[in-house]
Each structure stands twice: as structure tokens, then as C-alpha cells.
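Each remark here refers to the structure printed beneath this line.
The values are calculated or read from the model by the stated rules, or taken from the named source; none is laboratory data. Computed from a prediction, not measured in an experiment: that's the story for all the values here. As a convention, Cβ positions derive from the backbone with ideal geometry for all residues, glycine included, and neighbour counts pool all protein chains shown.
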Amino acid sequence: MIKILKWGLIIITSFILLIYALNIEYLIKGVRTIYLTGNNTAFISDYEYFDNREIKSSNPAPWATHEKYNQVIESEELKNLNEQRETKSFLVIKNDSILFEKYYDGYDQNSLSNSFSVAKSIVVSLMGKAIMEGKIKGLDQPVSDYFEQYKDGLASELTVGNLATMSSGMKWNEKYYNVINITSESYFTDDLRSVILRQEIIEKPGQRFRYSSGDTQLLGMIIEKATGTTLSDYLSEKFWEPMGAENTALWQLDSDKYGMEKAYCCLASTARDFARFGKLYINKGQWGDQTILDPSFVELAINPSFEESPYYGYGWWLYNYEGKKVFTMNGHRGQFVISFPDENIIIVRQGSFNEKGRVSESSGDLYKYISEGYKLAKSIE
């Protein structure tokens, strides 16, 4: 028995030493927070296992409820889809009033859920605000103005706008189920800034869209420098408070020690509060009598950046549903904020699973949520 314990200790020690030797010590955190909780990738309540910073709201302005609130009937297809995909919230807002709202598995209107890459659209909004306030000179401002690591070679051509359109040319491998890669390292590292700043620019910036969480993280680091405050505090002051968010949200940090928000993901909030960004963009940056974002920036954000990738603008995904313009905030495992600007409809879905597809081919869960949410909104007419 003693011999078995001895060999077990040797194996465990050797494994730990190997991890450090290969510079993949972030795996220890990954095993503890994800795999030992029974998951094989990040999950919607994993913020409970990480350090977080609060996005405070002290002046809540609840959504109005529609006169036909929850009187519309969801289809059997939507019921089955929500059950199969373990949906936690499904919300439909029509003309600024909640028409349909349903929660599952113990969630309610105050439950926080990890947004994953929905946060990318919010970070680009923070950039738009920083430009509006003159804290960032503009989309063409060189990244090297903030980080000298980008002053030479192809990196010297990199601009703030390239990061917002995901056209940086950064060496990045966007994978969520492979533990030994840059995306996983970014998720579990204690020092996210250092991880990002060692990534190379290997293609000429501004040439093509290539999805990269690294782009958004670097953009977040620039916003942090330009504003002189944390992303969470800037979001709270410039958006959360003036838009009357009902709940304090949480933004995951790499660690309390280094205090960098995971800008590319991991903002935990409610369906109702995420919906406010749909309303803000439908209203072209206006919130009541406040201009939160420049209308010209909003217009830029919700239109294609590259002809070859008409499905992406500045932080927003772009689609067409039966001839109607749709723009969305999308996140891992099927987190969606869906907006129909011409008909003032907002649909929010939060949940644990998602089947990918192409909206242009009427396939995948996003298309189904767009279709079913739209039908609910139109059923009252």
C-alpha cells in the first residue's frame, strides 16, 4: 500500500513538473474550474469559480410589460428546442415592452448567466464611447500608440479599427474544446495581458475578417489604457447606469492579482439587461434624451466591414431573415441577443447548448430562435 501511494505521489509530482516545464500551468486552473465540475468546456455558471469585478447599477429602470404579456403561445417546436438545448431564459420584447418571458431550471429574471462572446459586442461599444469622448483618437489610431510591442513590421500597421473588425492578422487559434491552445490559455491564465502581448501579427492587418478572441482582448486592453479605468467601471458609468440596468453584473477577471477583464467573453448578466444593448442599437445610440453612442458609429457597427464577410460588422453579427435586417450578439453555447431594427423587436436566449448552422441556409439554432421569436412578436398583430 505504501509503495502504491509512493508511486502515485511520484506520478502526480511528475505530471505537475511537466506542466510547468511546458509552460502550460494554466491547465491546473482549467482542470479545477471546468473538468472537475463535470464539463468539457466553459459553462454558463462558471463565473462562480473565477475572480470577478462588479458592474454596478444603482438606478434601475425596469422594462415595461406589454398589455399581452405572456398571453402569446409558444410553438411546440420552440418548447422542444428549449427543452433539448437546456435553455435558461427566452425573452421577446416588442416596441420596448416585454411580450414573452420564460425561465427554466430555477432561473428567473434576476439570474446571472455567462454571456461568452456576447461581451465582444459590448467591448466594441466601449470603444465607440471612448472615441466619442476623444479618449481614443479614432478607428485609424495605431495600436503601437498604446503598446510598443506593435511598433515594428506588420504590427506597425495594426489599428484600433482592425481589432474591432477582427482583421488584425494576429496568430490565433480559436478552439474551445482543445485544452492546449491559445484560447484555453487565455481563459485560464492569471496574467492575460502578458499572454496577449506575446502574440504575433503574421498577416497584413485590415485585409480580411478572421474570428479571433485575441483581437477583442487587445482592444479591451487599449480601452483600459485610453480611459484610465477598468472596463467594468467604464461600462458601469457609460452604459449600465444610464441605461437603467436592473442588476449588478459580473465580469470575469484573469485574477485579482492582475485584474484584467476577459474582454472577449465572460460578462455575466440577465436576459433583461443584455436586451438593453439591442434597444440601444435599434435606437441608433440614443437612450431617452441621452446620446450614449454616436449614431454614425452605430451605423458603421451594424453594417458589413468586408464585402467577403457580409455577416460581420464592428462587433455585431449581421443576417437577413425573410428580407428583414437582423443584427445579433452571439456567444458560446448559444447566448443570443437578436434585434430586428425595422420592427423594434428584441429576442434574448440564454442556455447551455447550441447546434450551429447557417442563418442564410435556414439551419442551426440561431435561425430557429430568430424565426420563433419573430413569430411570437408578430402574433399579436
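Hey, can you tell me all the residues within region 180-220 that are of a type in the set (A, V, I, L, M, F, W, C), at pLDDT 95 or above and assigned to a helix (DSSP H, G or I)? Once the filter is applied, which keeps residues that are of a type in the set (A, V, I, L, M, F, W, C), at pLDDT 95 or above and assigned to a helix (DSSP H, G or I), region 180-220 yields Leu192, Val195, Ile196, Leu197, Leu218, Leu219. Within region 318-340, residues that are within 15 Å of Lys120 (Cα to Cα) reach partners that are of a type in the set (Lys, Arg) with beta carbons closer than 8 Å, at six or more positions or on different chains, in the pairs Leu318/Lys325; Met329/Lys120; Gly334/Arg85; Gly334/Arg349; Gln335/Arg349; Phe336/Arg349; Ile338/Arg349.
For Ile346, the criteria (1) surrounded by fewer than 24 Cβ atoms within 10 Å (Cβ to Cβ); (2) farther than 23 Å from Gln84 by Cβ hold in every case but one, which is (1). For first residues located in region 353-364 and on the phi < 0 side of the Ramachandran plot, partners that are exposed (fewer than 13 other Cβ atoms within 10 Å of the Cβ) and not polar (S, T, N, Q) and lie 6+ apart or on another chain with Cβ distances below 9 Å form the pairs Ser363/Lys356. The residues in region 235-267 that are under 25 Å from Ala64 (Cβ atoms) and of a type in the set (A, V, I, L, M, F, W, C) can be counted, and the count is 7. Selection of first residues in region 40-67 that are closer than 17 Å to Arg333 by Cα and of second residues that are aromatic (Phe, Trp, Tyr), restricted to Cβ pairs under 9 Å at least 6 apart or on distinct chains, gives the following pairs, ordered by first then second residue: Asn40/Tyr177; Thr41/Tyr176; Thr41/Tyr177; Ala42/Phe116; Ala42/Tyr176; Ala42/Tyr187; Ile44/Phe116; Tyr47/Trp251. Between Ser58, Ser75, the distinction of being assigned by TED's automatic domain parsing to the domain that holds Gly373 and within 28 Å of Ser232 (Cβ to Cβ) belongs to Ser58 only.
Candidates in region 252-273 are the residues that are within 13 Å of Leu192 (Cα to Cα) and of a type in the set (Asp, Glu); of these, the one that is surrounded by the fewest Cβ atoms within 10 Å (Cβ to Cβ) is Asp256. For region 231-244, indicate whether the set of residues that are under 19 Å from Leu197 (Cβ atoms) and out of contact with any helix residue (DSSP H, G or I) (no Cβ under 6 Å at 6 or more places or on another chain) is non-empty. Within region 231-244, not a single residue is under 19 Å from Leu197 (Cβ atoms) and out of contact with any helix residue (DSSP H, G or I) (no Cβ under 6 Å at 6 or more places or on another chain). Of the strands (runs of 3 or more DSSP E) entirely within region 271-381, those holding at least 3 residues that are under 30 Å from Asp105 (Cα atoms) occupy 324-331, 335-340, 345-351.
If only residues of region 24-64 that are surrounded by fewer than 18 Cβ atoms within 10 Å (Cβ to Cβ) and among the small types (Gly, Ala, Ser) are counted, the one that is farthest from Lys94 (Cα to Cα) is Gly38.
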